[in-house]
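Working notes for the structure below.
The values are calculated or read from the model by the stated rules, or taken from the named source; none is laboratory data. Keep in mind it's a predicted model, so treat the numbers as computed, not measured. Note that we place each Cβ from the backbone using ideal geometry, even for glycine, and neighbour counts take in every protein chain shown.
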Amino acid sequence: MEKYQLYTTMGVGFESVVAKELQAMGYKTHTENGRVFFTGNETDIVKTNLWLRTADRVKILLKEFKATDFDTLFNQVYEIDWAELLPVDAKFPVKGRSVRSKLHSEPGIQSIVKKAIVNKMSDQYHRRGFLPENGNEYPLDIHINKDIARLSLDTTGASLFKRGYRIEHGGAPLKENFAAGLLKLTPYDGSHPLIDPMTGSGTFAIEAALIGKNIAPGIWRQFAFDGFDWFDSTIHNELVAEAKNKIKPLEQPIWACDIDQSILEIAKLNANNAGVLQDIYFKQVAVKDFATDLQNGVIIANPPYGKRLKDRESAENLYKQMGDSLLKYDSFSQYYLVGDPAFEKFFGKKATKKRKLFNGNLRVDFYQYWARKK
(Lines give C-alpha, C1' and ligand atoms only; values in the text may rest on other atoms or scores of the structure.)
Protein backbone atom coordinates (compact mmCIF):
# COMPACT_ATOMS: atom_id res chain seq x y z
CA MET A 1 0.00 0.00 0.00
CA GLU A 2 1.44 3.37 -1.03
CA LYS A 3 2.90 5.64 1.65
CA TYR A 4 2.00 9.32 1.63
CA GLN A 5 3.39 12.44 3.25
CA LEU A 6 0.40 13.47 5.37
CA TYR A 7 -0.31 16.42 7.61
CA THR A 8 -3.07 17.65 9.87
CA THR A 9 -4.25 21.21 10.31
CA MET A 10 -5.60 22.61 13.57
CA GLY A 11 -6.54 25.77 15.43
CA VAL A 12 -3.81 28.15 16.59
CA GLY A 13 -2.25 26.93 19.82
CA PHE A 14 -3.27 23.28 19.48
CA GLU A 15 -0.27 21.99 17.50
CA SER A 16 1.25 20.20 20.51
CA VAL A 17 -2.11 18.68 21.45
CA VAL A 18 -2.61 17.20 17.96
CA ALA A 19 1.01 16.03 17.85
CA LYS A 20 0.51 14.14 21.12
CA GLU A 21 -2.66 12.55 19.75
CA LEU A 22 -0.78 11.35 16.66
CA GLN A 23 2.18 10.14 18.72
CA ALA A 24 -0.19 8.18 20.99
CA MET A 25 -1.49 6.50 17.81
CA GLY A 26 2.07 5.45 16.94
CA TYR A 27 3.13 8.11 14.41
CA LYS A 28 6.40 10.02 14.29
CA THR A 29 5.55 13.70 13.86
CA HIS A 30 7.07 16.99 12.75
CA THR A 31 5.36 20.19 13.82
CA GLU A 32 5.09 23.62 12.16
CA ASN A 33 2.73 26.50 12.87
CA GLY A 34 -0.77 25.20 12.20
CA ARG A 35 0.42 21.81 10.87
CA VAL A 36 1.65 18.47 12.15
CA PHE A 37 3.31 16.18 9.58
CA PHE A 38 3.48 12.38 9.56
CA THR A 39 3.61 9.56 7.01
CA GLY A 40 1.03 6.88 6.35
CA ASN A 41 -0.97 4.81 3.89
CA GLU A 42 -4.70 4.60 3.13
CA THR A 43 -5.36 2.81 6.42
CA ASP A 44 -3.63 5.65 8.29
CA ILE A 45 -5.71 8.23 6.42
CA VAL A 46 -8.89 6.50 7.58
CA LYS A 47 -7.58 5.92 11.11
CA THR A 48 -6.57 9.54 11.71
CA ASN A 49 -9.76 10.98 10.25
CA LEU A 50 -11.76 8.59 12.40
CA TRP A 51 -9.90 9.06 15.70
CA LEU A 52 -8.33 12.54 15.84
CA ARG A 53 -10.30 14.61 18.35
CA THR A 54 -8.52 17.96 18.13
CA ALA A 55 -7.46 18.41 14.48
CA ASP A 56 -9.35 20.13 11.64
CA ARG A 57 -8.28 18.12 8.58
CA VAL A 58 -5.97 15.39 7.29
CA LYS A 59 -4.28 16.20 3.96
CA ILE A 60 -1.97 14.44 1.51
CA LEU A 61 1.01 16.62 0.57
CA LEU A 62 1.25 16.14 -3.20
CA LYS A 63 4.20 18.39 -3.93
CA GLU A 64 6.38 21.07 -2.37
CA PHE A 65 8.39 23.51 -4.49
CA LYS A 66 9.64 27.09 -4.75
CA ALA A 67 7.46 29.39 -6.86
CA THR A 68 8.20 33.07 -7.40
CA ASP A 69 6.38 33.43 -10.74
CA PHE A 70 3.25 32.05 -12.38
CA ASP A 71 5.14 30.12 -15.08
CA THR A 72 6.97 28.10 -12.42
CA LEU A 73 3.73 27.51 -10.52
CA PHE A 74 1.98 26.31 -13.69
CA ASN A 75 4.82 24.01 -14.76
CA GLN A 76 5.30 22.43 -11.34
CA VAL A 77 1.59 21.66 -11.04
CA TYR A 78 1.40 20.40 -14.65
CA GLU A 79 4.20 17.88 -13.95
CA ILE A 80 2.05 15.91 -11.51
CA ASP A 81 0.38 12.76 -12.85
CA TRP A 82 -3.15 14.05 -12.34
CA ALA A 83 -4.85 11.13 -14.13
CA GLU A 84 -3.56 8.91 -11.32
CA LEU A 85 -5.34 11.09 -8.74
CA LEU A 86 -8.40 12.45 -10.53
CA PRO A 87 -10.89 10.65 -12.79
CA VAL A 88 -11.97 12.51 -15.92
CA ASP A 89 -15.24 13.68 -14.30
CA ALA A 90 -13.65 14.72 -10.96
CA LYS A 91 -14.86 17.88 -9.30
CA PHE A 92 -11.67 19.51 -8.00
CA PRO A 93 -12.13 22.88 -6.28
CA VAL A 94 -8.84 24.66 -5.59
CA LYS A 95 -8.39 26.82 -2.48
CA GLY A 96 -5.37 29.10 -2.42
CA ARG A 97 -3.55 31.05 0.26
CA SER A 98 -0.40 33.14 0.10
CA VAL A 99 1.66 34.53 2.99
CA ARG A 100 4.70 36.80 2.56
CA SER A 101 5.34 35.61 -1.00
CA LYS A 102 6.02 37.20 -4.39
CA LEU A 103 2.90 35.45 -5.72
CA HIS A 104 0.39 37.21 -3.50
CA SER A 105 -2.82 37.23 -5.55
CA GLU A 106 -4.78 34.31 -4.13
CA PRO A 107 -7.42 34.31 -6.94
CA GLY A 108 -4.58 34.36 -9.47
CA ILE A 109 -2.79 31.46 -7.74
CA GLN A 110 -5.98 29.40 -7.67
CA SER A 111 -6.66 30.14 -11.33
CA ILE A 112 -3.17 29.11 -12.49
CA VAL A 113 -3.23 25.87 -10.48
CA LYS A 114 -6.67 25.05 -11.86
CA LYS A 115 -5.55 25.80 -15.42
CA ALA A 116 -2.45 23.60 -15.08
CA ILE A 117 -4.53 20.65 -13.84
CA VAL A 118 -7.16 21.09 -16.56
CA ASN A 119 -4.49 21.26 -19.27
CA LYS A 120 -2.69 18.15 -17.97
CA MET A 121 -5.90 16.14 -17.58
CA SER A 122 -7.08 17.22 -21.03
CA ASP A 123 -3.80 15.92 -22.46
CA GLN A 124 -3.93 12.70 -20.45
CA TYR A 125 -7.59 11.93 -21.15
CA HIS A 126 -7.45 13.25 -24.76
CA ARG A 127 -10.19 15.78 -24.07
CA ARG A 128 -10.73 19.17 -25.64
CA GLY A 129 -12.65 22.00 -24.06
CA PHE A 130 -13.93 21.97 -20.49
CA LEU A 131 -13.78 18.97 -18.20
CA PRO A 132 -17.25 17.97 -16.94
CA GLU A 133 -16.48 18.19 -13.16
CA ASN A 134 -19.78 16.44 -12.36
CA GLY A 135 -18.32 13.51 -10.42
CA ASN A 136 -17.02 13.10 -6.86
CA GLU A 137 -15.14 15.92 -5.18
CA TYR A 138 -11.36 15.98 -4.71
CA PRO A 139 -10.64 19.15 -2.66
CA LEU A 140 -7.23 20.65 -3.47
CA ASP A 141 -5.28 23.28 -1.56
CA ILE A 142 -2.36 25.45 -2.67
CA HIS A 143 -0.55 27.27 0.12
CA ILE A 144 2.44 29.52 -0.58
CA ASN A 145 4.48 30.72 2.40
CA LYS A 146 7.69 32.70 1.83
CA ASP A 147 7.67 31.55 -1.82
CA ILE A 148 7.49 27.84 -0.89
CA ALA A 149 4.36 26.27 -2.40
CA ARG A 150 2.63 23.22 -0.97
CA LEU A 151 -0.05 21.51 -3.01
CA SER A 152 -2.26 19.11 -1.10
CA LEU A 153 -5.36 16.91 -1.41
CA ASP A 154 -7.84 17.15 1.47
CA THR A 155 -8.95 13.67 2.58
CA THR A 156 -11.39 14.97 5.20
CA GLY A 157 -14.04 17.08 3.46
CA ALA A 158 -16.16 18.91 6.02
CA SER A 159 -13.91 19.83 8.98
CA LEU A 160 -13.35 17.17 11.63
CA PHE A 161 -15.20 19.31 14.19
CA LYS A 162 -18.40 18.31 12.35
CA ARG A 163 -18.84 15.05 14.24
CA GLY A 164 -22.44 14.67 13.12
CA TYR A 165 -24.15 14.68 16.51
CA ARG A 166 -24.94 18.37 16.92
CA ILE A 167 -28.18 19.12 15.11
CA GLU A 168 -29.19 22.17 17.13
CA HIS A 169 -27.27 24.50 19.36
CA GLY A 170 -27.85 27.33 21.80
CA GLY A 171 -26.06 30.67 21.68
CA ALA A 172 -22.49 30.47 20.38
CA PRO A 173 -21.34 26.89 20.99
CA LEU A 174 -17.73 25.77 21.03
CA LYS A 175 -16.64 23.75 18.04
CA GLU A 176 -16.38 20.09 18.98
CA ASN A 177 -12.66 19.76 18.27
CA PHE A 178 -11.96 23.00 20.16
CA ALA A 179 -13.78 21.62 23.20
CA ALA A 180 -11.89 18.32 22.86
CA GLY A 181 -8.62 20.25 22.62
CA LEU A 182 -9.37 22.08 25.87
CA LEU A 183 -10.23 18.77 27.55
CA LYS A 184 -6.87 17.43 26.36
CA LEU A 185 -5.22 20.33 28.22
CA THR A 186 -6.75 19.01 31.46
CA PRO A 187 -5.96 15.70 33.24
CA TYR A 188 -9.32 14.28 32.14
CA ASP A 189 -9.18 10.72 30.78
CA GLY A 190 -12.49 9.30 32.01
CA SER A 191 -11.07 7.88 35.24
CA HIS A 192 -12.43 10.69 37.43
CA PRO A 193 -15.59 12.87 37.49
CA LEU A 194 -16.13 15.81 35.16
CA ILE A 195 -18.53 18.73 35.73
CA ASP A 196 -19.58 21.52 33.38
CA PRO A 197 -21.66 23.92 35.52
CA MET A 198 -22.65 26.10 32.50
CA THR A 199 -22.99 23.51 29.79
CA GLY A 200 -24.94 25.36 27.10
CA SER A 201 -25.40 22.94 24.19
CA GLY A 202 -23.39 20.30 26.06
CA THR A 203 -20.22 20.16 23.97
CA PHE A 204 -17.74 19.72 26.85
CA ALA A 205 -19.83 16.98 28.49
CA ILE A 206 -20.40 15.12 25.20
CA GLU A 207 -16.76 15.29 24.14
CA ALA A 208 -15.74 14.13 27.62
CA ALA A 209 -18.11 11.17 27.32
CA LEU A 210 -16.60 10.27 23.93
CA ILE A 211 -13.13 10.33 25.51
CA GLY A 212 -14.23 8.42 28.61
CA LYS A 213 -16.03 5.74 26.58
CA ASN A 214 -13.29 5.59 23.92
CA ILE A 215 -15.72 6.45 21.12
CA ALA A 216 -14.03 7.55 17.87
CA PRO A 217 -15.26 11.10 17.16
CA GLY A 218 -15.60 10.43 13.42
CA ILE A 219 -17.57 7.21 13.83
CA TRP A 220 -20.87 8.64 12.48
CA ARG A 221 -19.71 10.51 9.39
CA GLN A 222 -18.34 10.19 5.88
CA PHE A 223 -15.11 11.77 4.61
CA ALA A 224 -13.79 13.12 1.30
CA PHE A 225 -11.70 9.97 0.79
CA ASP A 226 -14.94 7.93 0.60
CA GLY A 227 -15.44 9.49 -2.83
CA PHE A 228 -11.92 8.93 -4.20
CA ASP A 229 -12.14 6.27 -6.93
CA TRP A 230 -8.64 4.90 -6.17
CA PHE A 231 -9.25 4.57 -2.44
CA ASP A 232 -9.94 1.10 -0.97
CA SER A 233 -13.56 1.45 0.17
CA THR A 234 -13.38 -1.56 2.50
CA ILE A 235 -10.90 0.08 4.90
CA HIS A 236 -13.37 2.63 6.27
CA ASN A 237 -16.02 0.03 7.09
CA GLU A 238 -13.45 -2.26 8.69
CA LEU A 239 -12.02 0.48 10.94
CA VAL A 240 -15.50 1.69 11.96
CA ALA A 241 -16.39 -1.86 13.00
CA GLU A 242 -13.12 -2.10 14.89
CA ALA A 243 -13.78 1.24 16.60
CA LYS A 244 -17.24 0.12 17.71
CA ASN A 245 -15.66 -2.91 19.38
CA LYS A 246 -13.34 -0.59 21.36
CA ILE A 247 -16.16 1.36 23.04
CA LYS A 248 -16.17 0.81 26.80
CA PRO A 249 -18.41 1.79 29.76
CA LEU A 250 -17.86 5.18 31.39
CA GLU A 251 -15.94 4.80 34.66
CA GLN A 252 -16.91 8.04 36.43
CA PRO A 253 -19.88 10.44 36.28
CA ILE A 254 -20.20 13.45 33.98
CA TRP A 255 -22.44 16.32 35.09
CA ALA A 256 -23.83 18.94 32.71
CA CYS A 257 -25.66 21.82 34.41
CA ASP A 258 -27.22 25.04 33.17
CA ILE A 259 -29.69 27.64 34.40
CA ASP A 260 -31.63 27.49 31.12
CA GLN A 261 -33.85 24.41 30.75
CA SER A 262 -34.51 25.03 27.05
CA ILE A 263 -30.76 24.94 26.32
CA LEU A 264 -30.42 21.80 28.44
CA GLU A 265 -33.01 20.14 26.20
CA ILE A 266 -30.83 20.95 23.19
CA ALA A 267 -27.81 19.52 25.02
CA LYS A 268 -29.78 16.32 25.71
CA LEU A 269 -30.71 16.04 22.04
CA ASN A 270 -27.06 16.40 21.05
CA ALA A 271 -26.00 13.83 23.66
CA ASN A 272 -28.64 11.43 22.38
CA ASN A 273 -27.37 11.86 18.82
CA ALA A 274 -23.85 11.08 20.08
CA GLY A 275 -25.07 7.95 21.87
CA VAL A 276 -24.05 9.22 25.31
CA LEU A 277 -27.34 10.56 26.74
CA GLN A 278 -27.40 7.88 29.45
CA ASP A 279 -23.80 8.68 30.41
CA ILE A 280 -24.39 12.34 31.34
CA TYR A 281 -26.34 13.68 34.33
CA PHE A 282 -28.18 16.82 33.22
CA LYS A 283 -29.45 19.25 35.83
CA GLN A 284 -31.08 22.67 35.67
CA VAL A 285 -29.33 24.81 38.28
CA ALA A 286 -27.80 28.28 38.45
CA VAL A 287 -24.06 28.31 39.09
CA LYS A 288 -24.62 30.21 42.36
CA ASP A 289 -26.73 27.29 43.62
CA PHE A 290 -24.46 24.51 42.34
CA ALA A 291 -23.46 21.79 44.82
CA THR A 292 -21.87 18.34 44.55
CA ASP A 293 -20.48 15.57 46.74
CA LEU A 294 -18.10 14.41 44.00
CA GLN A 295 -14.36 14.80 44.54
CA ASN A 296 -11.03 14.63 42.71
CA GLY A 297 -12.23 15.49 39.24
CA VAL A 298 -12.31 18.25 36.64
CA ILE A 299 -14.59 21.28 36.46
CA ILE A 300 -14.56 22.93 33.04
CA ALA A 301 -16.74 25.74 31.67
CA ASN A 302 -17.11 28.37 28.99
CA PRO A 303 -19.16 31.03 30.82
CA PRO A 304 -21.93 32.44 28.60
CA TYR A 305 -21.67 35.73 26.77
CA GLY A 306 -23.40 37.56 23.92
CA LYS A 307 -27.17 37.10 23.92
CA ARG A 308 -27.08 35.17 27.17
CA LEU A 309 -25.14 37.88 28.99
CA LYS A 310 -25.98 41.41 27.90
CA ASP A 311 -23.58 43.68 29.80
CA ARG A 312 -20.29 43.83 31.64
CA GLU A 313 -21.89 44.18 35.05
CA SER A 314 -23.77 40.91 34.51
CA ALA A 315 -20.53 39.20 33.44
CA GLU A 316 -18.65 40.42 36.49
CA ASN A 317 -21.48 39.31 38.74
CA LEU A 318 -21.45 35.85 37.13
CA TYR A 319 -17.68 35.50 37.63
CA LYS A 320 -18.12 36.40 41.31
CA GLN A 321 -20.90 33.82 41.67
CA MET A 322 -18.62 31.24 40.03
CA GLY A 323 -15.87 31.94 42.53
CA ASP A 324 -18.22 31.87 45.53
CA SER A 325 -19.79 28.60 44.38
CA LEU A 326 -16.92 26.64 42.81
CA LEU A 327 -13.63 27.59 44.47
CA LYS A 328 -14.54 25.61 47.60
CA TYR A 329 -14.31 22.41 45.52
CA ASP A 330 -10.54 22.48 45.70
CA SER A 331 -10.11 18.74 45.07
CA PHE A 332 -11.19 19.51 41.49
CA SER A 333 -8.86 20.91 38.87
CA GLN A 334 -10.82 23.82 37.39
CA TYR A 335 -10.61 25.24 33.87
CA TYR A 336 -12.45 28.28 32.50
CA LEU A 337 -12.44 29.64 28.95
CA VAL A 338 -13.15 33.36 29.24
CA GLY A 339 -12.77 36.36 26.93
CA ASP A 340 -12.46 38.87 29.81
CA PRO A 341 -8.92 39.69 31.04
CA ALA A 342 -10.42 40.80 34.38
CA PHE A 343 -11.87 37.34 35.10
CA GLU A 344 -9.44 36.47 37.94
CA LYS A 345 -10.26 39.66 39.82
CA PHE A 346 -13.98 38.86 40.03
CA PHE A 347 -13.57 35.09 40.32
CA GLY A 348 -11.49 35.74 43.43
CA LYS A 349 -8.33 33.77 42.68
CA LYS A 350 -5.32 34.03 40.42
CA ALA A 351 -5.00 31.11 38.01
CA THR A 352 -2.23 28.54 38.42
CA LYS A 353 -1.66 28.87 34.69
CA LYS A 354 -3.20 30.86 31.84
CA ARG A 355 -3.12 29.94 28.15
CA LYS A 356 -3.91 32.38 25.33
CA LEU A 357 -6.14 30.98 22.60
CA PHE A 358 -8.54 32.04 19.85
CA ASN A 359 -12.13 30.81 19.79
CA GLY A 360 -12.84 31.63 16.17
CA ASN A 361 -11.79 35.28 15.91
CA LEU A 362 -12.34 35.93 19.61
CA ARG A 363 -9.19 36.26 21.73
CA VAL A 364 -9.74 34.22 24.92
CA ASP A 365 -7.81 32.90 27.91
CA PHE A 366 -7.94 29.39 29.34
CA TYR A 367 -7.65 29.87 33.11
CA GLN A 368 -6.33 26.79 34.89
CA TYR A 369 -6.66 26.13 38.63
CA TRP A 370 -4.89 22.98 39.75
CA ALA A 371 -6.39 20.76 42.43
CA ARG A 372 -5.45 19.81 45.97
CA LYS A 373 -6.18 16.07 45.94
CA LYS A 374 -8.02 14.61 48.92
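Numbers for the structure displayed
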| quantity | calculated |
| --- | --- |
| The range 326-349, residues that are part of a loop (DSSP other than H, G, I, E, B) and touching a strand residue (DSSP E or B) at 6+ places or on another chain (Cβ under 9 Å) | 327, 329, 330, 332, 339, 340, 341, 349 |
| Test for residue 43: is it surrounded by 14 or more Cβ atoms within 10 Å (Cβ to Cβ), out of contact with any Pro (no Cβ under 7 Å at 6 or more places or on another chain) and free of Cβ contacts under 8 Å to residues at least 12 places away in the same chain | no |
| Which listed residue, of 358, 346, is touching a residue at least 60 places away in the same chain (Cβ under 8 Å) and either out of contact with any Pro (no Cβ under 8 Å at 6 or more places or on another chain) or over 27 Å from residue 252 (Cα atoms) (or both) | 358 |
| Wholly enclosed strands (runs of 3 or more DSSP E) of the range 1-98 bearing at least 3 residues within 29 Å of residue 123 (Cα to Cα) and modelled with pLDDT of 95 or more | 4-9, 57-66 |
| Strands (runs of 3 or more DSSP E) contained entirely in the range 136-246, each with at least 1 residues that are among the hydrophobic types (A, V, I, L, M, F, W, C) and more than 26 Å from residue 286 (Cβ to Cβ) | 140-145, 148-154 |
| Residue within the range 170-193 that is outside the structural domain of residue 287 (by TED's automatic domain parsing), surrounded by fewer than 19 Cβ atoms within 10 Å (Cβ to Cβ) and closer than 30 Å to residue 256 by Cβ present | yes |
| Residue 110 being among the polar types (S, T, N, Q), in contact with a Gly (Cβ under 9 Å, 6 or more places away or on another chain) and either within 22 Å of residue 59 (Cα to Cα) or modelled with pLDDT under 95 (or both) | yes |
| Sole exception among (1) modelled with pLDDT of 95 or more; (2) touching a Phe, Trp or Tyr at 6+ places or on another chain (Cβ under 7 Å); (3) under 20 Å from residue 321 (Cβ atoms) for residue 285, by number | (2) |
| Neighbours by Cβ (under 6 Å, 6+ apart or cross-chain): first from the range 221-236, of a type in the set (Asp, Glu); second not in a loop (DSSP other than H, G, I, E, B) | 232/42 |
| Scope the range 7-24; condition closer than 18 Å to residue 185 by Cα and either without any contact (Cβ under 8 Å) to a residue 12 or more places away in the chain or not β-branched (Val, Ile, Thr) (or both); matching residues | 10, 11, 13, 14, 15, 16, 19, 20, 21, 22, 23, 24 |
| Residues of the range 319-332 classified as buried (at least 21 other Cβ atoms within 10 Å of the Cβ) and either more than 24 Å from residue 192 (Cβ to Cβ) or touching a Pro at 6+ places or on another chain (Cβ under 6 Å) (or both), total | 1 |
